[in-house]
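The values are calculated or read from the model by the stated rules, or taken from the named source; none is laboratory data. Since the structure is predicted, the reported quantities are computational estimates derived from the model, not experimental observations. Glycine gets a Cβ as well: all are built from the backbone with ideal geometry, and neighbour counts include every protein chain shown. These accessible areas exclude ligands, DNA and RNA; they are computed on the full protein's heavy atoms, side chains included. Shrake-Rupley method; radii C 1.70, N 1.55, O 1.52, S 1.80 Å.
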Amino acid sequence: MTINTTLRLSDRHHRFLSEKVGEGIFATQSAAVASAIEQMMQDDRERETALSARAEEIRARMRTERSEYVDDEQAFSAARAAVKASHRG
């Protein structure tokens, strides 16, 4: 389903969209705006995944004896893997 809406763009943004459509990168200005929104949605998902993984790691560290700590690279490898996996999905 699509919904017609009115957007107010600055001259700069309008020129940019028009250039991208003219270059054939996007079929229409609407397609370019939709692509930008999709990218923002993906960024939000990745940010949430990363924050959740880091929060869980912090909680786990709080339950861990200092003598059992691991270095940052090892500790956050799961978070990095989750973000990388979200790029593929």
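Annotations
- The residue pairs whose first member lies in region 72-89 and is open to solvent by less than 40 Å² (accessible area, probe 1.4 Å), whose second member is modelled with pLDDT under 90 and not basic (Lys, Arg), and whose beta carbons are closer than 9 Å, counting only pairs six or more residues apart or on different chains, are 75/57; 75/60; 75/69; 79/57.
- Candidates 25, 58 - the one that is β-branched (Val, Ile, Thr), surrounded by fewer than 13 Cβ atoms within 10 Å (Cβ to Cβ) and in a helix (DSSP H, G or I): 58
- Qualifying position, being touching a helix residue (DSSP H, G or I) at 6+ places or on another chain (Cβ under 8 Å) and of a type outside the set (Asp, Glu), among 55, 85, 50, 60: 50
- None of 46, 38 is modelled with pLDDT of 95 or more, on the phi < 0 side of the Ramachandran plot and open to solvent by 90 Å² or more (accessible area, probe 1.4 Å) except 38.
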